[in-house]
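See structure below.
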Amino acid sequence: MPELPEVELVKRQLVESLELPQKILKIEFSRFDLRNPMPRNQKHLIQNQVIVALERRAKYILFKLASGDTLVTHLGMTGSWRFAGTNESPQKHDHVVIQLEPRPPSESVINLIYKDPRRFGFFEFCKNNQQSALLKNLGPEPLNSEFSGAYFYAKLKSFKSPIKSLIMNSKIVVGVGNIYASEALFAAKISPFRQPLRMTKQQAEDLVQAIKNTLKQSLLFGGSSIDDYKHVSGKSGEFQNLHQVYNREGLGCKVCERNIKKKTLAGRSTYWCPNCQK
DNA sequence: CTACGAACCTGCCTGC
DNA sequence: TGCAGGCAGGTTCGTA
């Protein structure tokens, strides 16, 4: 489901609704076999802890606890969070229920529920500011200044796979998934199949800026709702309506009106305009 | 070290 | 109507 804009928006919406700090009364895992085994044996370490902050790193959402411990979560392809009263009936594929401490004036218990049909998401509990192994070896955040044309140009030399694979490689830059890779390449007028070695310094700079702009635009428009991505409130994003190439095979390019093409690259559907992108 | 395909899993859509 | 096949926003693993 989610790439950087969608994950960032989910994190922001959770922060808004949680009114941190917020105490976890109880956490229940109803199944244990997501991408990694659920931290069910650490349940007692999570309960009664206070959430003080939520952070995003790459596509991970980190629940920072007052003790210094962290609950690391990932939405996979189809993960979602929602708030629900205790009287609301559970849905199919609800796997985690976090019961939050009631607050005045309502005094009623609110559950924060994680649902994930395909179960590609995951949860990991990290003690005492220890960093999850999954967060090591990650490249820079695309919206940070560290991700610059100079940085990216220097990385191009050691890779032989096409440029699209490179911008989806989390060692190079995090958060760019299959939608935004195609969209950013279109914005930069660069073919997804281009060999990184054959890119100029200017093109590297253009692509970096295109990635930043595309992600920022998507954030402004509430992310891309293609299939089941929804806001925490259940609302859909709007950025899918602004996609230039993704999911537009056979439709006219919004710039030159020629047909958008689709081809599989490294196992992923890749959309581009052969006329605009060289 | 990189590169590629397969694997994980459910649901939805298409075509026969 | 049913059923098989293909495909989906992510990541890791095994094999070249």
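Please report Rg over Rh for the range A:149-272, where both radii come from the alpha carbon positions and Rh follows the Kirkwood definition. Using only Cα positions, Rg/Rh for the range A:149-272 is 0.97. Per-residue Karplus couplings for the range A:213-219, computed as 6.51 cos²θ - 1.76 cosθ + 1.60 with θ equal to phi - 60°, are listed in order as 5, 4, 5, 5, 4, 4, 4 Hz, Gly and Pro entered as x.
Evaluated on chain A, the Kirkwood hydrodynamic radius is 20.0 Å, with distances taken between all distinct Cα atoms. For the range A:80-177, the share of alpha carbon pairs falling in successive 10 Å distance bins from zero is 12, 26, 25, 22, 11, 4 percent. Over chain A, dividing the summed -39,500 (n - 2.57) contributions of all DSSP H runs of at least 4 residues by the number of residues returns a 222 nm mean residue ellipticity of -6500 deg cm²/dmol. Roughly how far apart, in whole Å, are the Cα centres of the range A:163-206 and the range A:1-29? Each part's Cα centre sits 30 Å from the other's.
Here the 3J(HN,Hα) profile of the range A:196-208, calculated from phi with Karplus coefficients 6.51, -1.76 and 1.60 at θ = phi - 60°, is x, 4, 8, 9, 7, 4, 5, 5, 4, 4, 4, 5, 4 Hz, Gly and Pro shown as x. Remark: the range A:116-123, residue by residue, has Karplus-estimated 3J(HN,Hα) of 7, x, 7, 6, 8, x, 6, 10 Hz, where x stands for each Gly or Pro and the curve is 6.51 cos²θ - 1.76 cosθ + 1.60 at θ = phi - 60°. Computed from the Kirkwood radius of its Cα pairs, the Stokes-Einstein diffusion coefficient for the range A:4-135 at 25 °C and 0.890 mPa s stands at 165 µm²/s.
Identify all aspartates and glutamates with a Cα-Cα distance to A:Lys263 below 13 Å; exclude those on the same chain that are fewer than 8 residues away in sequence. Qualifying aspartates and glutamates at Cα under 13 Å: A:Glu249.
Laboratory data are not the source of any read-out in this text; all were calculated from the coordinates shown. Model, not experiment: these values are computed from the prediction.
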